[in-house]
Each structure stands twice: as structure tokens, then as C-alpha cells.
Amino acid sequence: MTIAAPAPDTDLDLELDDPPAPAEPEPEPSFWRRSWLAHLAMAVVSLAAAVGVCWGLWSAPYNHVVADNVSDQGQFEWMLSYGVYLLQNLTDPFFTDLLNAPRGVNLAMNTSSTFYAVVFAPLTHLAGPQVSFVTILTLNLAGSAFVWYLFLRRWLVRSGLAAAVGGLLFGFCPGLVSHANGHLNWTSGWMVGIVAWRVLKLPERDHWLRNGIVLGLLCTMGFSVAAEALFFAALASGIFLLVWLLSRPGLRRARTALKPVLLSLGVTAVIAGVLLARPLYMHFNGPLKFSGTGFGMRVFSEDLVAYVAFPLRSVAGLAGWGADLAPNATEATSFFGIPLILLFVAAVVLLWRRSSPERRITLRALTVVGVIFFLLSLGPRLRFLGEQQPHIPMPYALLVDVPLFDSALPVRYSLVVVLVFALVIALLADEVVRRRDSLIRSASGRLVFGLAIVAALVPIAPLPLRTLERAPEPVFISSGHWEDYVSDHGVITSLPLSIDVAVDSMRWQAYTMARGGDKQFRIPAGYFLGPQDYEETGRHLVGRVGAPDRPTDKVFYRAARWGQTPKMTNVERLNARIDFEYWQLEAIFLPASLTGPKGPLNRDALVRVTTDLLGEPEQVDDVLVWRIRPGVDPVDQWEEK
């Protein structure tokens, strides 16, 4: 008997004190050998489904961008390109001055995804970060489904079909598909599955050293891929194990399992502690540190009704049954639908009443994990039908200032809830497909539950991600002509300066990094999380998106976003001189088109404002260029009376 109460046909239901079985002259095929055809079929189905979800990007990776989160895709493409720059220059993976000149950015406090950036650096260099992004996104969705299929097949169910149902439910659940709108970190469900697999291996007495080393390396990798998800995995595993160990079989098992588990965890702590020492220092005490997160927890909390609603980008949403109750299109993390909720409740009741005592313990632990994460996902105050109920506090109100919890967004806890759903539905499906020894005793009962599974899952089946056209890379950048307008490691920017709703300047920098070369430029501002100010107070305040505002970047932003073109006075010119000198800016350029959050930005307004500040531009290739003499430009103008 094991913690996960595996299917009886696995070899993991032996007690640790059992004597080794005598060697057989012709052993049965291993789990991997006897199931490789099923594994291959599942891998093909998962990959095909992932390509279908991401088809809008695959059809034109250099021209298309996810329509519901243009900026996060641009940010991740920058991070992937930084991997090429990192390997070429052997620079700091956790801090850079390429963004937010002259201050820089603490990458350890951002989703730097160093693991992806380094592993996919060859592809990024050869094909560009656009191709690397959609490749990783596709593999994340497919890998999440496939790894959890393997987990279920190995630890919980007998049937490969039941394991596939659970794996596909999690890998293509509304939450992961929603995060596919720009998030390479939160679509990495495969990472959590591998970590959970290795956690269940910890009680092995003869392999404590190996298990500890492997888990330490996995935690190091997981911190780079998705630190917040790794925190959720550790929290969920701890709750699960605590509930399981409080049972009578759990206490008996603890007598033999405690020593190898503690030894393995000690090795894990040493390995992960050494490898993560610098990123953890940078995160908690490094330069440009801040506290908490740059996003409001009350806004990014789950709406209670969202759990029973259908997602907009699903079969049910296509039929007009979807609901818009998420903070944004990337954080629609629950949306299970009433049929799946009812099926889950029915599955828990059925399995609890008819399962063995060991399986009941597993069900109890899973249910407790699901309930706790459900409550955490509701945030500090209840949200109902899009309205916050300030007079109804939730448990998360007690955790908003607790380290680690203060950096997590409550809405994302529901991804653990859907994982619990996937595991329980897989257990139910296992009983449906079994003809002998099934807990569902009649064939008609198995048929009814089989149809119920289909009816619950089909409505939330995902549609392809929405995409839109983005501005093409200017010839000015791709040809390298930008090098004539800025010194080596000097500062140049396109307009508007990069921020969460306009990341083109970061994209042009990313493409130059991906191509390599000896010369690189820096840019002011950027889309990142940083402190509210650069004084000591900023280290203790919650973070913000982007750099603290300066007068001139506000002028450019308002022109690009809303077409505002106020007449420039010498006060604005003085502010611009101060800002240009602060940024050490040497040149500004303006491409023919500009990508905004929902479509093109207002280029004509930017031309008018910038010309009013700096005079007539120079046409270079397909961009307009204004040279800047820091501390001199723009020159004051005096009207004749």
C-alpha cells in the first residue's frame, strides 16, 4: 500500500518491509514496455490537441500574436532572446541593464524562465523567439496532458483510457488554455507532475540519495520555469501528505518511511539550496527588490460563480453559454461548468462508499486539498457575479501579508482544484471502463457514468487561441542600420516607450539579441515588475508594472494610446531634456506601424508630438529617426511677439 493507493497491477503496493520477491526467469514486461503503444497514442493525441489550440500562432508565427495578451507574449519572447545573449556574453541571468536604462531590472523577481531561455537558445537563435515561444507553448500543453496521463497510469488507475481522460482534462482545462494566452510559466503543468511523481518516490529506503538529488534538481528547474506554481505544488503536497499521514495506515507507514523521506528531503534542501542561493538572494534581498506583487489581489481573485460557468473560449462558449467573470482572458482559471461540478461530487460519493479503506484515504486527502485551494482561490474578499463583497472576508485575508502568499495571485490557486478534479474523474473513468471488479456493478450504470463524463467534458473543450496581426520588425532593426545611431551598449528606443500595453521596443531589442552579434543596445522603461520608487521605501512597498512614471514617457503614451497631441511648451521641453539625459538616450525611432493591446496604436499622434519636441525627423529605411544629444535636446523655442 502506498500513499497514492496505486492500481493493484502495479508493483508499488508492496510494503517496504516485504522481502524481495524471488527472481523470475521470464519477468512480465515492465510498465513502460507493455504500455508503449498506449503512451505513443496519448502523446500523438496530446500534441495534436496542443497544435490545434495554438494553430493561430503556428499559421504565421512572425506576424501573429495572441490577441488576448499581446504584451505577455512580447515579454516572454524577450526573456527567450535574453537566453541567447546570456550564453553569448556569460552575463548575469538574474539582473540586466538592457531594460529600464539606467537602473536595470531584477529578473529574479520576474518570470525570467531561465530554464526555457537556455534550453531553447539554439532554436531562438536560428528561428527567432517567435518560433521558440509557440514551440514551448505547444509542448507545455501537450506535456501537461501527457505527464499527468503517465502519473495516473503509474500511480492511481489501471486503464490507459481512464488515465488519458484525466490527463487531457488537466492539460487542456480552461485554466491552462486561458494561460496559454501569453504565459509560458503557468502552462508548464508537466513540471508539477514530474515533481509530484518524485515526491511519491521519497519513501524508497534504498534510493534516498538518488531521490533527494533528483528532486533537488527538479525543484531548481521548477523555480526557473514557474516559481509560483512550484510553491503551489509544495503547498498542495504538504497538505495531501499531512492528511494522509493522520490516518491509521499513514501512521503505520510513517514508521518505515520517515527516515528515507527525511534523508531525501535533506539532500533536496542542500542541492536546491546551493543551486538557488543566488536567485533566492536576488528575489528576497537583491537590487530593485519590492514586496508582494504588482497586481491587486482583490482584482485577481476567483469569482464564486465562475466555477459553475463555462469559459468563453470553449465549445459551450461557442454556443453562447460562456460567461465573462474572469479578471482578464488570461486568468480564466476555473470555469468548470455545472455538469463537471455535479459529476465530481457524484464521483467522490460513489468512490468513497465503495472503495477500499486505502483508496478512501487518498480520496479524503485529495478532497481536503481541493477544498483548501478552492477557498484560497476566492481571495481576501468574496467576489460574486463580478462584484466584490467587501463585507464578506475569506480565509486569504489572513495571508495577504505572509511571505510567499503575498506574491501569489489567488485566482491561480484554482489550477490545483482542477488537478484534483482531473484525478478524481480519472478514478471514476477507471471504474467505468473496467468490466470485472468495478465499483459500478451494472453495465447500465457504467454506461450512464461514461455518458456523464462525456457530457461534462465536451462543453469545456477548448477552441483555438484568438490571434491578431502585430507590427512587423522594421528593416532599420533587421538590417542592423540602428548601429549607426547609437554607441555600443548605448540607449535607443522606439515609441512609445515599452510598458504593459506597448512592448514593440522590447521586441526589437529581443530580435537583435536572438541574432547575436557583438553590439547590443539598451532601452529605457520596459514591461516588467519593479519597485514603486528607487529609494529604500520602494523595497518595502508592493511592486508595480514598469518603471516609475516620468513626464516625457507619459506624453508619448497618451499620444499613442489616445491620440492626445498637446502643444509642447518649454516646460515640456525642459522635462524632456531631463528625462533624455536620465535615460542616456541617444536616438528615438518610429516604425511604420505600432502594436497595441487590441490593435495598432496611434502613430500619427506620436509623429506630431515628437516633431513638436525635436523637429523634423530623418527617414531611415522604414522608420523615422530623431537623434538626441543628452542634456541638449530638445532645444527651447521662443515665439516672436
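The values are calculated or read from the model by the stated rules, or taken from the named source; none is laboratory data. What you see is a predicted model, and the numbers here were worked out from it, not measured in a lab. Because the Cβ atoms are built from the backbone with ideal geometry, glycine has one as well, and the counts that use them run over all protein chains shown. Quick note on the areas: whole protein, heavy atoms, side chains included, nothing else; ligands and nucleic acids left out. Shrake-Rupley method; radii C 1.70, N 1.55, O 1.52, S 1.80 Å.
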Identify, by number, the condition in (1) buried (at least 23 other Cβ atoms within 10 Å of the Cβ); (2) in a loop (DSSP other than H, G, I, E, B) that residue 402 doesn't meet. (1)
Criterion: in contact with a Lys or Arg (Cβ under 7 Å, 6 or more places away or on another chain), more than 29 Å from residue 69 (Cα to Cα) and surrounded by 15 or more Cβ atoms within 10 Å (Cβ to Cβ) - qualifying residue of 636, 579, 621: 579
When every residue in the stretch 428-483 that is more than 35 Å from the chain's Cα centre (by Cα) and either of a type in the set (Lys, Arg) or closer than 28 Å to residue 624 by Cβ (or both) is compared, the one surrounded by the most Cβ atoms within 10 Å (Cβ to Cβ) is 446
When residues of the stretch 166-188 are limited to those that are of a type in the set (A, V, I, L, M) and crowded, with 24+ Cβ neighbours inside 10 Å, the one nearest to residue 463 (Cα to Cα): 177
Yes or no: the stretch 485-501 includes at least one residue that is open to solvent by less than 10 Å² (accessible area, probe 1.4 Å) and under 23 Å from the mean Cα position of the chain (by Cα). yes
What do you reckon, is residue 50 part of a helix (DSSP H, G or I), farther than 21 Å from residue 501 by Cβ and open to solvent by less than 30 Å² (accessible area, probe 1.4 Å)? yes
Under 8 Å between Cβ atoms, which residue pairs at least 6 apart in sequence (or on different chains) link something in the stretch 554-571 that is among the β-branched types (Val, Ile, Thr) with a partner that is in a loop (DSSP other than H, G, I, E, B) and open to solvent by 20 Å² or more (accessible area, probe 1.4 Å)? 555/566
I'm trying to understand the selection: among the residues of the stretch 288-300, which are in a loop (DSSP other than H, G, I, E, B) and either open to solvent by less than 60 Å² (accessible area, probe 1.4 Å) or free of Cβ contacts under 8 Å to residues at least 60 places away in the same chain (or both)? 288, 289, 290, 292, 293, 294, 296, 297, 299, 300
Restricting attention to the stretch 301-316, which residues are in contact (Cβ under 8 Å) with a residue 40 or more places away in the chain and closer than 16 Å to residue 375 by Cβ? 301, 302, 303, 304, 305, 307
Only one of (1) under 20 Å from the mean Cα position of the chain (by Cα); (2) not in a helix (DSSP H, G or I) does not apply to residue 232, and that is (2)
Name, by its number, the condition in (1) surrounded by 20 or more Cβ atoms within 10 Å (Cβ to Cβ); (2) without any contact (Cβ under 8 Å) to a residue 40 or more places away in the chain that does not hold for residue 90. (1)
Determine which member of the set 358, 387 is among the acidic types (Asp, Glu), surrounded by fewer than 21 Cβ atoms within 10 Å (Cβ to Cβ) and without any contact (Cβ under 8 Å) to a residue 60 or more places away in the chain. 387
Index of the failed condition, residue 508 passing every other in (1) open to solvent by 20 Å² or more (accessible area, probe 1.4 Å); (2) assigned to a helix (DSSP H, G or I); (3) hydrophobic (A, V, I, L, M, F, W, C): (1)
I need every pair where a residue in the stretch 424-437 that is over 13 Å from residue 450 (Cβ atoms) has its Cβ under 8 Å from the Cβ of a residue that is assigned to a loop (DSSP other than H, G, I, E, B), sequence separation at least 6 or different chains. 426/156; 426/157; 427/156; 427/157
